[in-house]
Amino acid sequence: MIAFAKTGRGAGEAGLVDRSDPHPGPGEVCIRISACGICGSDLHVFRADPGYEWVNPPVVLGHECAGTVAKAGPGVTRFRPGDRVVPISVQGCLQCRDCRAGRTNRCPQRRVMGLSHDGAMAEFAIVREEYLLPVSEELPLETAALAEPLSVAVHAVARARLGPGDVAVVSGPGPIGLFCALVAQKWGAEVVLTGVERDEPLRLETARRHGLRTVNVERSPLRESIGRRPNRWIEASGSTAALDDAFELLIPGGQLVVVGLYPTAWELPLNRAVRDEVTVAFSYGSTYRDYEIALQLLGTGMVDADTLVARYPLRQAARAFADLTDGSIVKALLVP
Ligand SMILES: [Zn+2]
Ligand SMILES: [Zn+2]
C-alpha cells in the first residue's frame, strides 16, 4: 500500500512510502481508510517544529480518520469486516487509574496514532478494537473523519463548564477554535470567535457561514465590539497575545480554558488572577465519551463538511500540506 510518512527528523522530510499491507494481531483490527484529515500537529511534525522531538521517524502520519473494518484479528469481538468505524487518536494503556476512569487522554503511557506509531494517511491502518467507535450508516465516512478534531473541541468546552447564560470568547479560528465555538454555541452560550487579519477571508468567513459571530481583533478592538465582557474564554490560537487578552477581558470569577500549544513561554498575570479569582484549566486531546458526543453532533449536520474541507488524493498529500501551510484552505482530507 502507499502511505504518507515522516521519513526523517529534518523539516519537510516526509513523503509517500511503500508499505506492505498490515495484518491485525490479537485484539487488533485492520481498517480500510476512507479519509484522513491533516491536523495542526501533523503540520508541526512535517515542519519539525520545536515540541515534537518525541516523534520518531519513520512513522506514517494521520490520526483524524474514518473507514471500514477490512480484517479483524484473533480475539476481536466487537467488530467484523464491513463495519464503519472511527479510531480514537490519543490511546491510553487502559489499565491505569486514569484510563479506568475514562481519562485515557491523561494516561502516563498514552500513545498518539500517527505520531507515536503508524497512523492513517495510508490505505490501511491497524488499531486495537478498544480504541474504535462504530459510525452510523447515515453519516458519510468523510464527515466522520472530522470526529477527532470535533472531539477535542467537545473536551475543551466541557473543561470550560459552559452553558446557557455564559458569554464565551473563543480565540483562534482554526479548525479546533471553529469547532469549540460551534460546540459552545450548541450548549447555549453566547459566543464570539476571534481572529486576525490573515484569518479574515477564509477562516472567519467559514465561521460566519456556520452561523458564528466573529471579530477580527486587528480591525476592531475586542473590548468594544464584544458588548458584554466574557465569563468564559477558550484559547485555541496558540498565541500568547490571546492569553493576555483573556486576562484583560474576563470578568472576575471568569474561567480560561487553554487548548492551544505554544512556541514560547508566557508570564501569567499572577496578581490579576489572584485578585479576580480567575480559573485556568487546560485541555488535551479527547476521550471515548468525547468522540461519542462528536459523532452525535456530526449527525445533526452542525458541521458543514463541504464548506470546511478540501479533498486531496492521498498521492497528493504533499500538495495538501503546502496548501495548509500557505493558508489557502481550512482543512484538508486525504482520500486513499
Ligand atoms: Zn488532530
Ligand atoms: Zn493508562
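Readers should treat all values here as calculations from the given coordinates under stated rules, not as data from a laboratory. The shown structure was predicted, so the numbers you read here are calculated from the model rather than taken from an experiment. Using ideal geometry, Cβ is built from the backbone for each residue, glycine included, and neighbour counts are taken over all protein chains shown.
Quick look at the numbers
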| read-out | value |
| --- | --- |
| Extended-chain gain in nm, criterion 0.36 nm per residue less alpha-carbon gap, Glu218 and Ala241 | 7.1 nm |
| Positive-pole candidate from His210, Ile176, Gly195, dipole of the stretch 173-241, charges at beta carbon | His210 |
| Surrounding net charge for Val76, when Lys and Arg each add one and Asp and Glu each subtract one, Cβ distance under 14 Å | 0 |
| Gyration tensor (alpha-carbon) shape descriptor, the stretch 67-141, a/c threshold 1.5 | prolate |
| Gln109 long-range amide H proximity, modeled H, under 5 Å | Cys93 |
| Placed amide H near Val257: partners under 5 Å, 5+ positions off or other chain | Trp233, Ile234, Glu235, Ala281 |
| 3J(HN,Hα) from dihedral phi, the stretch 300-305, Karplus parametrisation 6.51/-1.76/1.60, rounded to Hz, x for glycine, proline | 7, x, 4, 9, 8, 4 |
| Listed residues Val76, Val274, Val309, most fluctuating in the chain (Gaussian network, C-alpha, under 10 Å) | Val274 |
| Pairwise FRET efficiency - Ser225 versus Thr300, Cβ, R0 = 25 Å, nearest 0.05 | 0.30 |
| Cut-off 14 Å between beta-carbons: net charge of the residues surrounding Ser89, Lys and Arg +1, Asp and Glu -1 | -3 |
| Prolate/oblate/rounded label for the stretch 1-160 (Cα gyration tensor, a/c 1.5) | rounded |
| Inter-centroid distance (Cα atoms) of the stretch 202-242 relative to the stretch 68-85, Å | 43 |
| GNM flexibility winner over the chain from Ala322, Ala207, Ala125 (Cα, springs under 10 Å) | Ala322 |
| For the chain, built as a Gaussian network whose Cα springs stay under 10 Å, the top-fluctuating residue of Pro58, Pro173, Pro221 | Pro221 |
| Residue-wise HN-Hα coupling along the stretch 239-255, computed from phi with Karplus coefficients 6.51, -1.76, 1.60 (Hz; x: Gly, Pro) | 10, 5, 4, 5, 5, 4, 4, 4, 5, 6, 9, 4, 6, x, x, x, 10 |
| Charge sum, other residues only, whose C-beta stays under 15 Å from Ala160's C-beta, Lys/Arg counted +1 and Asp/Glu -1 | 0 |
| Förster radius 41 Å - calculated FRET efficiency between Arg97 and Glu277 (Cβ-Cβ, nearest 0.05) | 0.90 |
| Gyration tensor (alpha-carbon) shape descriptor, the chain, a/c threshold 1.5 | prolate |
| Dipole moment magnitude, nearest 20 debye, the stretch 151-282 about Cα centre, only Lys, Arg, Asp, Glu C-beta charged | 420 |
| Residues Arg319 and Asp21, FRET efficiency given R0 of 22 Å [Cβ-Cβ distance, rounded to 0.05] | 0.30 |
| Selection of chymotrypsin sites (Phe, Trp or Tyr not before Pro), the stretch 31-128, meeting DSSP coil and at most 11 other Cβ within 10 Å | Trp54 |
